[in-house]
Each structure stands twice: as C-alpha cells, then as structure tokens.
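The values are calculated or read from the model by the stated rules, or taken from the named source; none is laboratory data. Model, not experiment: these values are computed from the prediction. As a convention, Cβ positions derive from the backbone with ideal geometry for all residues, glycine included, and neighbour counts pool all protein chains shown. Just so you know, the surface numbers come from the protein's heavy atoms only, side chains and all, with ligands and any DNA or RNA stripped out. Shrake-Rupley method; radii C 1.70, N 1.55, O 1.52, S 1.80 Å.
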Amino acid sequence: MRIGLFDSGVGGLTVMAACKRLLPRASFVYYDDAEHAPYGDKSDEEIISAADGCVRALVSAGCDAIVIACNTATAVAVRRLRESCGVPVLGLEPAVAPALRRERGRVLLLATPATARHKTYPPRVIVGVERTLASDVERAYGCPSALRALARRVLSSYSGYCAVVTGCSHYAHLAPYMPCRVYDGADGVARRLLSICKGTAE
Ligand code: DGL
C-alpha cells in the first residue's frame, strides 16, 4: 500500500509520523507544496487549485490513498478533492470533540484564517486566528529554542483557556513546548487510514 500525504510545508510531517506508527509496513510519499505556501491566508480558489495539484501528483506517483496532512486544505477542499480523485481521500480535522469531552473549561483552537472561516464551533471554543504562525513555524522548524519562544509568544496572546487544539498541522510542532494539554488531529486521521487499509471502513 502506498500512501500519499501533502501539506504546504513541514506541518504534515507530524501527520505522516502518526500514520507510520499505525502502518509501519506501508510506503509513504510526502508532497511538500512549498511553491504555494502558506495556504492559510489564500482564497478558496487558490487553495483548491494548489491542493488539486498535490493530489494529481500523488496519484501519478502511484498512491492508493491520499491523506490531506493539512487542516486548511481539508476545510476548504476535501469535498472537491474526493469528487475528482479516484482513490480514497482522508482529511485532517482539529480534535475539538475529544478536547471538549475531556476538558471542563474553555479550549483554545488555533487555526489559519481559511480554516476559521469554514467552520463554526460551540461557545466553549475560543478560536484564535493566526495569520503568520504556519510560516513562523516553518522558519523555526528544527530549532527547539525558536519553537519554544514561538509557543510562548502565541499563547501569551490568549487567556481563559485550559487546553489547546491545534487547527493547523504546523502548530503540532509547537505542542511539546506548550504548558497545557494539546489536542491534535493526526492520530484520528491515522486511525481512519488504518481502517481503510484493513478494508473495514464503510
Ligand atoms: N499546515 C497547514 C494546515 O494544517 C497549512 C498552513 C499554511 O500553509 O498556512 O493548515
């Protein structure tokens, strides 16, 4: 089984790592769409076109299933991609529901502008719209002290939350530096991928 994943940069690597943990024998192809990064402040048309290009490239590379390792492309384009693609397409969703089940207080969902405009959330969710954070993470990637400083800076802009939900795969790289529980959608999509690969999905 060959699995294709794409993102605008290093964010989707966290999703690929989660998928590899559950499917250690599958082969993985990762498409880093740096050419169109960042996705989060682009129009729907631009995001759909970029995501469509990624999916075509991965299908041409022989992938049997595609994981959109990007919350933004999922929020904007997943339906369109499913219609136009001949293989299963899985999207990355923020883990808001698990966070609300476990936490009693408010949770902070950090998301790109494009993701935020496509979804509505219950009042217990504080939606933090971050315009440049994905690009900031891209630059800080591989440097723990820069990632730590970035996590501190971002969280200092918000108050009144007890946990964080990452609504952009790039932000998962900040999770180890956040002094609270962090909920991420990567394990959820990896589990769905596993069930598709086992042929048990609906
Ligand atoms: N990592 C992506 C996401 O999950 C894209 C971020 C961006 O390029 O703005 O939303």
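Just one of the listed residues (TYR177, TYR171, TYR161) is open to solvent by less than 70 Å² (accessible area, probe 1.4 Å), more than 16 Å from GLY40 (Cβ to Cβ) and in contact with a strand residue (DSSP E or B) (Cβ under 7 Å, 6 or more places away or on another chain), namely TYR161.
When the stretch 71-90 is limited to residues that are small (Gly, Ala, Ser) and more than 14 Å from the chain's Cα centre (by Cα), the one that is surrounded by the most Cβ atoms within 10 Å (Cβ to Cβ) turns out to be SER84. Tallying residues that are more than 26 Å from THR120 (Cβ to Cβ) and of a type in the set (S, T, N, Q) within the stretch 143-202 yields 4. Taken together, the residues in the stretch 1-23 that are at pLDDT 95 or above, more than 26 Å from LEU133 (Cα to Cα) and in a loop (DSSP other than H, G, I, E, B) amount to 1. Selection of the stretch 121-171 for residues being closer than 19 Å to GLY11 by Cα and in a strand (DSSP E or B) yields GLY128, VAL129, VAL164, VAL165, THR166, GLY167.
If I filter the stretch 1-30 down to residues being surrounded by fewer than 21 Cβ atoms within 10 Å (Cβ to Cβ) and of a type in the set (Phe, Trp, Tyr), which single residue comes out as nearest to the ligand (Cβ to nearest atom)? By that ranking, first place goes to TYR30.
Restricting to the stretch 91-102, give me the number of residues that are more than 14 Å from the chain's Cα centre (by Cα) and either buried (at least 17 other Cβ atoms within 10 Å of the Cβ) or without any contact (Cβ under 8 Å) to a residue 12 or more places away in the chain (or both).
We begin by selecting, within the stretch 91-102, every residue more than 14 Å from the chain's Cα centre (by Cα); these are 97-102.
With either buried (at least 17 other Cβ atoms within 10 Å of the Cβ) or without any contact (Cβ under 8 Å) to a residue 12 or more places away in the chain (or both) added as a condition, the list becomes 97, 99-101.
Result for the stretch 91-102: 4.
To keep it simple, each residue is scored yes or no on (1) open to solvent by 40 Å² or more (accessible area, probe 1.4 Å); (2) under 30 Å from ARG25 (Cα atoms).
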residue: GLY128; (1), (2): no, no
residue: VAL154; (1), (2): no, no
residue: THR166; (1), (2): no, yes
residue: ASP184; (1), (2): yes, yes
residue: GLY188; (1), (2): no, yes
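Scanning the stretch 80-116 for residues that are closer than 30 Å to ARG2 by Cβ, part of a loop (DSSP other than H, G, I, E, B) and of a type outside the set (A, V, I, L, M, F, W, C) turns up GLY86, PRO88, GLY91, GLU93, PRO94, THR112. Selection within the stretch 56-70: residues that are open to solvent by less than 10 Å² (accessible area, probe 1.4 Å) and β-branched (Val, Ile, Thr). The member of this set that is farthest from the ligand (Cβ to nearest atom) is ILE66.
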